[in-house]
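For reference, the structure is listed below as structure tokens.
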Amino acid sequence: MKKFPSLLIGIFVIITVNTGSVFAEECVDTTDWCTNVSNVNIDGQGNRAVIDTGGPVSITANYKVWNAQHCPACIHQIVVGVNYDAQLCVYNGIPGLHPGKEGYSTFTLTVPNIPGIYDVEYCRTLTYSCADGQHQYETDTCWPRFKIGTITVKSPCSSADVIVKSTEQILADPHIHSSVRWSHDGTRIAYATSKGGTYNVWIMNPDGSGQTQLTNDSVLNEMPVSWTVDDSRILYQKSSVDRYHREIWIMNANGSNQHLLIPPQHGLQVDSGDVNSLGKVVYNLENDALYTVNLDGKNNTMLLYWGSQILAPTWSHDDAKIGFKARKGWTGPQPNDAIWTINADGTGLTQLTDGVWTGFCSWSPDDSMVAYERPAPGETSLDPNWDIYLMNSDGTEDRPLLNDTAQEFFFDFNPDGTRGVYTVRREGKEGVWIATLGCKPTPQPPPAPEFPFLLVAASSLLVSLGAALLLARRK
């Protein structure tokens, strides 16, 4: 079962739930199973609600349920939970055949109080009790599972107020220069090192322990690009050393079952990709376009044609947007790049940065901020000093976050946004580093005088003395 990371203080929650059956089972076939939850309403605020953190959330919804014809007396549950935390059953009983049972339910979900975006889901189970159904939900053995909303826990500060409290090297390795990706549960980091001659994918714990090699290719380079939402699989790029051949592969998180997922197409190579919570992969073809495809390889669709270099697409955590780096040309000796975002349906193309050379970008857990890499100000060479910058997700408050002379790359937030992992390439600091993040302290007003009546008395005394001196002069 996926656990939520440790708790934070001083955050608030926005809940967005899609009403109706956009993500729910349609229940078209009256002879087959039906498990439907619709018209979800949170705290009387419709499908968007702002509430305090860490407290109960009151939700109302309609449901309908019936059994398949081959099992009219089956016990049927509708289990509801947040991510992998099953919390209750909206229905538990024998609904019979169509039309089955319909109802209106008021229930409470417990909201996690850490920054991030969490799915509200339900699934059908056919077991003897709600407790057994919840166990199936948490062990991912109930099917199908339907997403009826998302819970967004906002960060306690915006980009301008984020500070780096400390940095720590967790792995010293001069052969690392690749993406580093934190697992969704925060317990593992995927990275690549070429210490064996070619790059291969490894994983380790966030303290640098437990280093485990997953791939072992002595001819081709292999680098991680994304974890699936349940952390059971890793997508990675496999490329020739000269990078003239590049494709996306997928494997289990223990290194088993390695196989091709996205091959080159139209004579163009696959550079990078990312997978969202719905199992949709976004990837780019070199100097061409963004595409999406299901994890099973179906529904390969062009999302955006660019016609020039386009790289490193990454999903927002709510699956609504994609951030990426794209090139418009050259300004002097350096490329004219920018970080852009686009909606998941291909609309809403938006430029966030000001047209300087940029690289990999990463969303904060609540999608309110984007970290990315760019050359330090004044750097004009083709081998500049790279820094990590941070901005709000609308492009405002763009500023350096990590900007020493050590060449920082590939920043990725941990699940609660309190730390970021990145690689360093210069000055004897090569390897993987962790930055601990926080918010600037809120300025406090000066304390009020402890004995204000003394000040009043003193002021009165001074006024009296002044008046007495003035009278004495007149005399």
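The values are calculated or read from the model by the stated rules, or taken from the named source; none is laboratory data. Keep in mind that what you see is a predicted model, and the values were worked out from it rather than measured. All Cβ positions, even for glycine, are placed from backbone atoms using ideal geometry, and neighbour counts span all protein chains on display.
Quick notes on this structure:
- Segment 346-364, residues that are of a type in the set (S, T, N, Q) and exposed (fewer than 13 other Cβ atoms within 10 Å of the Cβ): T347
- Note on segment 305-325: residues that are farther than 22 Å from S364 by Cα and either of a type in the set (G, A, S) or crowded, with 20+ Cβ neighbours inside 10 Å (or both) total 2.
- Some residue of segment 224-232 being surrounded by 15 or more Cβ atoms within 10 Å (Cβ to Cβ), modelled with pLDDT under 95 and under 18 Å from G197 (Cα atoms): yes
- For I148, the stated conditions do not hold, so it cannot be described as buried (at least 18 other Cβ atoms within 10 Å of the Cβ), in contact with a His (Cβ under 7 Å, 6 or more places away or on another chain) and in contact (Cβ under 8 Å) with a residue 60 or more places away in the chain.
- Test: residue in segment 251-259 that is buried (at least 21 other Cβ atoms within 10 Å of the Cβ) and either assigned by TED's automatic domain parsing to the domain that holds F413 or free of Cβ contacts under 8 Å to residues at least 24 places away in the same chain (or both): no
- Any pair with Cβ under 6 angstrom, 6 or more apart, that starts in segment 166-183 at a residue that is farther than 19 Å from S362 by Cβ and ends at one that is of a type in the set (D, E): P174/E430
- Pairs, first more than 13 Å from N403 (Cα to Cα) in segment 363-388, second among the charged types (D, E, K, R) and part of a loop (DSSP other than H, G, I, E, B), C-beta under 7 Å, six or more apart: P365/D416; D366/K154; D367/D318; S368/K154
- Residues in segment 221-246 that are closer than 23 Å to L295 by Cα and more than 23 Å from the chain's Cα centre (by Cα): N221, E222, K238, S239, H245, R246.
- Considering segment 118-154, the residues that are in contact with a strand residue (DSSP E or B) (Cβ under 7 Å, 6 or more places away or on another chain) and small (G, A, S) include one that is nearest to G55 (Cα to Cα), namely G149.
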